[in-house]
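Heads up: the structure comes next, in C-alpha coordinates.
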Amino acid sequence: MSEIQSLARGLKILDLLGQNPDGASITELAEILGVDKGSASRLVSTLARYGYAEKDETTRRYHPGPQVVSLSRSVLTRLPLREAAKPFLRHLMERTGECAHLAVPAQGKVLYIDQAESPATLRVNAEVGTMNPLHCTALGKALLAFGNIAMPTELVRFTTNTIRSKRTLAQHLEQVRQFGYAVDDEEFDPGVRCIAVPVFDFRGKLVGSIGISGPSSRVTPEKLPNLAATVVEIGKALSERLTFSRQE
(Lines give C-alpha, C1' and ligand atoms only; values in the text may rest on other atoms or scores of the structure.)
Protein backbone atom coordinates (compact mmCIF):
# COMPACT_ATOMS: atom_id res chain seq x y z
CA MET A 1 0.00 0.00 0.00
CA SER A 2 1.43 3.36 -1.04
CA GLU A 3 1.98 6.16 1.45
CA ILE A 4 2.16 9.93 1.23
CA GLN A 5 5.87 10.65 1.63
CA SER A 6 5.56 14.12 3.12
CA LEU A 7 3.00 12.91 5.68
CA ALA A 8 5.22 9.95 6.60
CA ARG A 9 8.16 12.31 7.08
CA GLY A 10 6.06 14.63 9.23
CA LEU A 11 5.01 11.75 11.45
CA LYS A 12 8.63 10.63 11.73
CA ILE A 13 9.57 14.15 12.85
CA LEU A 14 6.93 13.96 15.59
CA ASP A 15 8.39 10.64 16.76
CA LEU A 16 11.90 12.08 16.79
CA LEU A 17 10.87 15.17 18.73
CA GLY A 18 8.95 13.08 21.24
CA GLN A 19 11.87 10.72 21.85
CA ASN A 20 14.54 13.39 22.28
CA PRO A 21 14.24 15.60 25.41
CA ASP A 22 16.65 18.10 23.85
CA GLY A 23 14.59 18.44 20.69
CA ALA A 24 16.17 18.50 17.25
CA SER A 25 17.72 21.02 14.90
CA ILE A 26 16.94 21.42 11.20
CA THR A 27 20.33 19.91 10.36
CA GLU A 28 19.67 16.84 12.53
CA LEU A 29 16.18 16.34 11.09
CA ALA A 30 17.49 16.62 7.53
CA GLU A 31 20.19 14.04 8.21
CA ILE A 32 17.82 11.56 9.85
CA LEU A 33 15.11 11.97 7.20
CA GLY A 34 17.60 11.86 4.32
CA VAL A 35 16.44 15.16 2.84
CA ASP A 36 18.01 18.59 2.32
CA LYS A 37 17.76 21.21 5.03
CA GLY A 38 15.23 23.24 3.03
CA SER A 39 12.82 20.32 2.89
CA ALA A 40 13.31 19.54 6.59
CA SER A 41 12.66 23.18 7.43
CA ARG A 42 9.41 23.26 5.44
CA LEU A 43 8.19 20.04 7.05
CA VAL A 44 8.83 21.07 10.64
CA SER A 45 7.59 24.63 9.98
CA THR A 46 4.27 23.20 8.79
CA LEU A 47 4.01 21.15 11.99
CA ALA A 48 4.77 24.28 13.99
CA ARG A 49 2.11 26.27 12.14
CA TYR A 50 -0.53 23.80 13.34
CA GLY A 51 0.82 23.59 16.89
CA TYR A 52 2.44 20.14 16.64
CA ALA A 53 5.97 21.51 16.97
CA GLU A 54 7.48 24.64 18.45
CA LYS A 55 10.83 26.33 18.04
CA ASP A 56 13.06 27.42 20.91
CA GLU A 57 14.32 30.77 19.61
CA THR A 58 17.36 30.61 21.90
CA THR A 59 18.67 27.20 20.81
CA ARG A 60 16.85 27.14 17.44
CA ARG A 61 15.83 23.56 18.18
CA TYR A 62 12.34 22.17 17.75
CA HIS A 63 10.26 20.41 20.42
CA PRO A 64 6.76 18.87 20.48
CA GLY A 65 4.09 21.58 20.44
CA PRO A 66 1.01 22.09 22.64
CA GLN A 67 -1.27 20.38 20.15
CA VAL A 68 0.59 17.11 20.74
CA VAL A 69 -0.13 17.35 24.46
CA SER A 70 -3.79 18.14 23.80
CA LEU A 71 -4.15 15.23 21.40
CA SER A 72 -2.36 12.85 23.77
CA ARG A 73 -4.64 13.75 26.66
CA SER A 74 -7.68 13.28 24.45
CA VAL A 75 -6.53 9.78 23.53
CA LEU A 76 -5.62 8.86 27.10
CA THR A 77 -9.00 9.89 28.47
CA ARG A 78 -10.70 7.50 26.03
CA LEU A 79 -8.71 4.41 26.98
CA PRO A 80 -11.04 1.68 28.34
CA LEU A 81 -8.35 0.55 30.80
CA ARG A 82 -8.10 4.05 32.24
CA GLU A 83 -11.83 4.27 32.92
CA ALA A 84 -12.04 0.76 34.37
CA ALA A 85 -9.07 1.39 36.68
CA LYS A 86 -10.24 4.67 38.23
CA PRO A 87 -11.97 3.19 41.31
CA PHE A 88 -9.11 0.73 41.81
CA LEU A 89 -6.53 3.53 41.74
CA ARG A 90 -8.56 5.45 44.29
CA HIS A 91 -8.91 2.38 46.50
CA LEU A 92 -5.20 1.64 46.24
CA MET A 93 -4.31 5.19 47.26
CA GLU A 94 -6.71 5.08 50.22
CA ARG A 95 -5.45 1.69 51.42
CA THR A 96 -1.74 2.59 51.23
CA GLY A 97 -1.74 6.36 51.71
CA GLU A 98 0.58 6.69 48.69
CA CYS A 99 0.06 7.95 45.14
CA ALA A 100 -1.33 5.21 42.90
CA HIS A 101 -0.38 5.05 39.23
CA LEU A 102 -1.61 3.28 36.10
CA ALA A 103 0.65 2.74 33.10
CA VAL A 104 0.95 1.02 29.72
CA PRO A 105 3.94 0.18 27.51
CA ALA A 106 4.68 2.70 24.75
CA GLN A 107 7.66 3.17 22.46
CA GLY A 108 9.97 1.07 24.62
CA LYS A 109 9.04 2.96 27.78
CA VAL A 110 6.34 3.04 30.44
CA LEU A 111 3.60 5.62 29.81
CA TYR A 112 1.63 6.91 32.81
CA ILE A 113 -2.04 7.19 31.83
CA ASP A 114 -3.67 7.97 35.18
CA GLN A 115 -3.05 8.40 38.89
CA ALA A 116 -4.82 8.90 42.21
CA GLU A 117 -2.94 11.55 44.13
CA SER A 118 -2.17 11.05 47.82
CA PRO A 119 -3.32 13.78 50.22
CA ALA A 120 0.02 13.54 52.06
CA THR A 121 2.14 16.69 52.04
CA LEU A 122 5.18 14.69 50.94
CA ARG A 123 4.11 12.56 47.97
CA VAL A 124 5.39 11.21 44.65
CA ASN A 125 3.33 12.28 41.64
CA ALA A 126 3.73 11.40 37.97
CA GLU A 127 1.85 13.56 35.49
CA VAL A 128 -0.41 11.79 33.00
CA GLY A 129 1.52 11.46 29.75
CA THR A 130 4.90 11.07 31.47
CA MET A 131 7.15 8.42 29.94
CA ASN A 132 9.85 6.73 32.04
CA PRO A 133 12.31 3.87 31.51
CA LEU A 134 11.21 0.26 31.84
CA HIS A 135 14.29 -1.15 33.56
CA CYS A 136 14.34 1.02 36.70
CA THR A 137 10.68 1.69 37.51
CA ALA A 138 8.34 -0.73 39.27
CA LEU A 139 5.59 -0.17 36.70
CA GLY A 140 8.08 -0.77 33.89
CA LYS A 141 9.58 -3.89 35.44
CA ALA A 142 6.09 -5.35 35.95
CA LEU A 143 5.50 -4.86 32.22
CA LEU A 144 8.85 -6.43 31.29
CA ALA A 145 8.37 -9.41 33.61
CA PHE A 146 4.85 -10.37 32.57
CA GLY A 147 4.51 -9.09 29.00
CA ASN A 148 6.00 -9.87 25.63
CA ILE A 149 8.06 -6.69 25.62
CA ALA A 150 11.58 -6.34 24.30
CA MET A 151 14.32 -5.69 26.83
CA PRO A 152 15.74 -2.15 26.64
CA THR A 153 18.81 -1.92 24.43
CA GLU A 154 20.51 0.43 26.89
CA LEU A 155 20.18 0.39 30.67
CA VAL A 156 20.73 4.03 31.55
CA ARG A 157 21.93 4.75 35.07
CA PHE A 158 19.78 7.14 37.12
CA THR A 159 20.94 6.34 40.68
CA THR A 160 23.54 4.13 42.33
CA ASN A 161 20.82 1.45 42.64
CA THR A 162 19.94 1.32 38.93
CA ILE A 163 20.44 -2.12 37.38
CA ARG A 164 23.00 -1.75 34.57
CA SER A 165 23.57 -5.37 33.52
CA LYS A 166 21.10 -7.13 31.20
CA ARG A 167 21.95 -10.43 32.84
CA THR A 168 21.23 -9.00 36.29
CA LEU A 169 18.00 -7.47 35.01
CA ALA A 170 16.89 -10.82 33.55
CA GLN A 171 17.52 -12.51 36.90
CA HIS A 172 15.71 -9.72 38.68
CA LEU A 173 12.68 -10.08 36.40
CA GLU A 174 12.56 -13.80 37.19
CA GLN A 175 12.25 -12.86 40.87
CA VAL A 176 9.49 -10.40 39.98
CA ARG A 177 7.58 -13.25 38.33
CA GLN A 178 8.09 -15.46 41.38
CA PHE A 179 6.90 -12.81 43.85
CA GLY A 180 4.12 -11.49 41.62
CA TYR A 181 5.14 -7.85 42.00
CA ALA A 182 7.98 -5.48 41.11
CA VAL A 183 9.84 -3.03 43.32
CA ASP A 184 11.79 0.09 42.40
CA ASP A 185 14.18 0.47 45.34
CA GLU A 186 15.39 4.03 44.69
CA GLU A 187 16.51 2.93 41.23
CA PHE A 188 15.00 5.82 39.27
CA ASP A 189 14.68 8.60 41.86
CA PRO A 190 16.77 8.81 45.05
CA GLY A 191 14.51 8.67 48.10
CA VAL A 192 11.59 7.05 46.25
CA ARG A 193 10.34 3.46 46.43
CA CYS A 194 7.62 2.00 44.24
CA ILE A 195 5.67 -1.26 44.00
CA ALA A 196 3.73 -2.43 40.94
CA VAL A 197 1.89 -5.41 39.50
CA PRO A 198 0.72 -6.37 36.02
CA VAL A 199 -2.84 -5.94 34.76
CA PHE A 200 -4.35 -8.50 32.37
CA ASP A 201 -7.44 -8.38 30.15
CA PHE A 202 -10.06 -11.09 29.50
CA ARG A 203 -7.62 -12.95 27.21
CA GLY A 204 -4.97 -13.08 29.89
CA LYS A 205 -2.94 -10.58 27.87
CA LEU A 206 -0.90 -7.91 29.64
CA VAL A 207 -2.52 -4.50 29.09
CA GLY A 208 -0.76 -2.39 31.71
CA SER A 209 0.51 -2.14 35.25
CA ILE A 210 -0.73 -0.54 38.46
CA GLY A 211 1.23 0.44 41.53
CA ILE A 212 2.20 2.96 44.16
CA SER A 213 5.07 5.37 44.69
CA GLY A 214 6.14 7.00 47.93
CA PRO A 215 9.03 8.49 49.85
CA SER A 216 11.50 5.87 51.09
CA SER A 217 10.98 7.25 54.58
CA ARG A 218 7.41 5.89 54.49
CA VAL A 219 7.75 3.00 52.05
CA THR A 220 10.35 1.27 54.20
CA PRO A 221 11.73 -2.28 53.72
CA GLU A 222 9.75 -3.33 56.82
CA LYS A 223 6.48 -2.11 55.29
CA LEU A 224 7.14 -3.47 51.81
CA PRO A 225 5.56 -6.94 52.29
CA ASN A 226 2.23 -5.55 53.54
CA LEU A 227 2.15 -2.78 50.96
CA ALA A 228 3.00 -5.27 48.21
CA ALA A 229 0.18 -7.58 49.35
CA THR A 230 -2.28 -4.69 48.99
CA VAL A 231 -0.99 -3.79 45.51
CA VAL A 232 -1.22 -7.45 44.43
CA GLU A 233 -4.76 -7.74 45.79
CA ILE A 234 -6.04 -4.64 44.01
CA GLY A 235 -4.15 -5.45 40.81
CA LYS A 236 -5.81 -8.87 40.66
CA ALA A 237 -9.21 -7.28 41.35
CA LEU A 238 -8.70 -4.90 38.40
CA SER A 239 -7.73 -7.79 36.10
CA GLU A 240 -10.83 -9.69 37.23
CA ARG A 241 -12.96 -6.62 36.53
CA LEU A 242 -11.58 -6.43 32.99
CA THR A 243 -12.44 -10.11 32.50
CA PHE A 244 -15.95 -9.60 33.89
CA SER A 245 -16.50 -6.54 31.69
CA ARG A 246 -15.95 -8.69 28.61
CA GLN A 247 -18.63 -11.12 29.75
CA GLU A 248 -21.24 -8.44 30.44
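The values are calculated or read from the model by the stated rules, or taken from the named source; none is laboratory data. This structure is a prediction, so every number in the text was calculated from the model and none was measured. Don't worry about glycine lacking a Cβ; one is built from the backbone with ideal geometry, like all the others, and counts go over all protein chains shown. To get the accessible areas, we keep the full protein, side chains included, count just its heavy atoms, and leave off ligands, DNA and RNA. Shrake-Rupley method; radii C 1.70, N 1.55, O 1.52, S 1.80 Å.
Some notes on this structure:
- In Å², nearest 10: area of Thr160 left accessible to a 1.4 Å probe: 120 Å²
- Where Tyr62, Tyr50, Tyr181 fall by accessible area, highest first, once all protein chains stay in place (1.4 Å): Tyr50, Tyr181, Tyr62
- Mean separation of Cα contacts under 8 Å, 6 or more apart, over the residue count of segment 117-248: relative contact order %: 24 percent
- Applying a DSSP loop filter and a limit of 15 other Cβ atoms within 10 Å to the GluC sites (Glu not before Pro) in segment 1-52 leaves Glu3.
- You can think of it this way: the chain between Asn125 and Lys223 has 33.3 nm of extra reach, that is 0.36 nm per residue less the Cα-Cα gap.
- Prolate/oblate/rounded call for segment 54-205, Cα gyration tensor, a/c under 1.5 rounded: rounded
- Cα gyration tensor category, rounded, prolate or oblate, for segment 145-248 with a/c compared to 1.5: oblate
- The alpha carbon gyration tensor of segment 22-63 gives principal lengths a ≥ b ≥ c with a/c of 1.5 or higher and a/b no greater than b/c, which makes the shape oblate.
- The label-point distance for Lys55 and Thr160, in a model that sets each label 7 Å from Cα toward Cβ, rounds to 4.6 nm.
- Gained length - Glu117 relative to Thr46, 0.36 nm times residue gap less alpha-carbon distance: 21.8 nm
- Relative contact order (%) - criterion: Cα under 8 Å, at least six apart; region: the chain: 15 percent
- Measuring against 19 Å, Cα to Cα, the residue pairs Lys12/Lys141; Lys141/Lys166; Lys166/Lys205; Lys109/Lys166; Lys109/Lys223; Lys12/Lys55 contain Lys12/Lys141; Lys166/Lys205; Lys109/Lys223 as the ones spanning a longer distance.
- Surface composition of segment 145-248: carbon plus sulfur atoms hold 50% of the accessible area, using a 1.4 angstrom probe and ignoring ligands, DNA and RNA.
- The solvent-accessible area of Ser39, taken with every protein chain present and a 1.4 Å probe, is close to 30 Å².
- In segment 1-142, Cα pairs under 8 Å separated by at least six residues give a relative contact order of 14 percent.
- FRET E, pair Thr243, Glu174, Förster distance 30 Å, beta-carbon r, rounded to 0.05: 0.70
- Computed over the chain, the per-residue total of -39500 (n - 2.57) for DSSP H runs of n ≥ 4 gives a 222 nm mean residue ellipticity of -14500 deg cm²/dmol, rounded to 500.
- Site pair Ile149 and Asp36 shows an inter-label distance of 4.3 nm when each label is modelled 7 Å from Cα along Cα→Cβ.
- Listed by chain and number, the aspartates and glutamates whose C-alpha is less than 17 Å from the C-alpha of Lys86, apart from same-chain residues fewer than 8 away, are Glu94, Glu98, Asp114, Glu117, Glu127, Asp201, Glu233, Glu240.
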